[in-house]
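J.: First the structure, then my questions, so here it is.
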Amino acid sequence: MSIKGFIFDLDGVVTDTAEYHYQAWKRLADELGIPFTREENEALRGIPRRESLLMLLKGRTYPETTLDELMERKNRYYLEYIRAISPRDLLPGARELLQEIRAAGLKAALGSASKNAREVIERLGIADLFDAIADGYSVTRQKPAPDLFLHAAALLGLPPTECAVVEDATAGVEAALAGGFTVIGIGPHERVGRAHLVLPSLAGVSLSKLLEQLSVSA
Ligand code: G6P
Ligand code: MG
């Protein structure tokens, strides 16, 4: 097997926007008088905005127009928080790995369920390191369906068998496995243990070492 491209999830892999998503959902939940903890937020990793809201509402029902307003409100808060994002917010090792991938003539794509993904990578100063971007606007069926990653691979002009997906969410790992990709899980085994290779973070991860580990374990 030879890997010719990498598809990176954004939140929790390249930068820790998971914290800003949490802050924004928490603010909304507080306003609605709904208890919402950091632990509950963990279950929202990789989950699209609408589905996240429905999980936060825990069975409470609202008219469709109210749901739209609540999603807009959460996104307003999130945009407020990400306004402060700068290259300092890149997680350790992310930029270095992307640069190595490019220098080696391999391809890199972003595969994020977020509709704010472009804005975030612009603010991080890494937009030019991606050959293709698949985001919250790209496909209808979200993770754990494989569609977003399949779309990203198609944009790169590569079959899934030649791409590795880097993911921190259970839903993302499942999506990548369903699409026939090689999967690198970032985070604890309980969350990403189904990936072919599990790493605590991208810190100190070199391309050559990664490819070596993948060819052994994939
Ligand atoms: C990512 C995050 C989720 C977020 C989703 C949609 O997958 O991990 O927490 O809900 O993107 O993000 P958006 O910016 O479009 O609301
Ligand atoms: Mg993520």
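J.: Compute the orientation-averaged projected area for the range 60-122 from the convex hull of its Cα atoms and round it to one decimal in nm².
T.: Its Cα hull, projected and averaged over all orientations, spans 6.1 nm².
J.: Based on the mean of other beta carbon atoms within 10 Å per residue, what is the order of 75-87, 108-120, 148-160, most packed first?
T.: Ranked by mean Cβ neighbours within 10 Å, highest first: 108-120, 148-160, 75-87.
J.: Check which residues have an amide H placed less than 5 Å from residue 183's amide H, if you skip close sequence neighbours.
T.: Correct list: 165, 196, 197.
J.: Which of rounded, prolate or oblate describes the range 110-216 when judged by the alpha-carbon gyration tensor and an a/c cut-off of 1.5?
T.: It comes out rounded by the Cα gyration axes.
J.: Need the full-extension length gain, residue 203 to residue 40, defined as separation in residues times 0.36 nm minus the C-alpha distance. One decimal, nm.
T.: 56.0 nm
J.: Label-point separation (nm) for residue 161 and residue 71, each offset 7 Å from Cα along Cα-to-Cβ?
T.: Going from the residue 161 label point to the residue 71 one covers 3.7 nm.
J.: I would also like to ask the following. Given the rule -39500 (n - 2.57) for each run of at least 4 DSSP H residues, summed and divided by the residues of the chain, what is its mean residue ellipticity at 222 nm, to the nearest 500 deg cm²/dmol?
T.: -13500 deg cm²/dmol
J.: Report the charge-dipole magnitude of the chain in Debye, nearest 20, computed about the Cα centre from +1 at each Lys and Arg Cβ and -1 at each Asp and Glu Cβ.
T.: 60 debye
J.: Can you pull the percent of Cα pairs in the chain with separation above 24 Å?
T.: Summing the P(r) tail past 24 Å for the chain gives 40 percent.
J.: Still on this model: With label points built 7 Å along Cα→Cβ from the Cα atoms of residue 189 and residue 62, find their separation and express it in nm.
T.: Once both label points are built, they end up 4.0 nm from each other.
J.: Same structure, new question: In the chain, what percentage of the DSSP-assigned beta bridges are antiparallel, given to the nearest 5?
T.: If I count the DSSP bridges inside the chain, around 5 percent turn out antiparallel.
J.: Under a 10 Å cutoff between Cα atoms, tell me which one of 42, 69, 100 has the largest fluctuation in the Gaussian network model of the chain.
T.: Looking only at 42, 69, 100, the largest GNM fluctuation is found for 69.
J.: Among 122, 51, 39, whose mean-square fluctuation peaks in a Gaussian network model of the chain (Cα, cutoff 10 Å)?
T.: 39
J.: Share of Cα-Cα pairs in the range 18-82 beyond 20 Å, in percent?
T.: Here the long-distance tail beyond 20 Å is 15 percent of all Cα pairs in the range 18-82.
J.: Determine the gain in length on full extension of the stretch residue 115-residue 141; use 0.36 nm per residue of separation and subtract their C-alpha separation, reporting nm with one decimal.
T.: Length difference between fully extended and current span is 8.0 nm.
J.: Filter the DSSP H helices in the chain by two things, a Kyte-Doolittle mean of at least 0.5 and an axial alpha-carbon span of 18 angstrom or more, and list the hits by number.
T.: none
J.: Using amide H atoms built 1.01 Å from N in the peptide plane, name the residues 5+ places from residue 6, or on other chains, whose amide H lies under 5 Å from its own.
T.: Answer set, sorted by chain and number: 107, 108, 109, 164.
J.: For the range 129-134, just list the computed ³J(HN,Hα) in residue order, Karplus coefficients 6.51, -1.76 and 1.60, θ = phi - 60°, integers in Hz, with x standing in for Gly and Pro.
T.: After applying 6.51 cos²θ - 1.76 cosθ + 1.60, I find 8, 9, 7, 8, 10, 10 Hz.
Read-outs: derived from the displayed coordinates by stated rules, not from any lab. Keep in mind that this is a model prediction, so the values were computed, not measured. Glycine also receives a Cβ, built like all others from the backbone with ideal geometry; neighbour counts cover every protein chain displayed.
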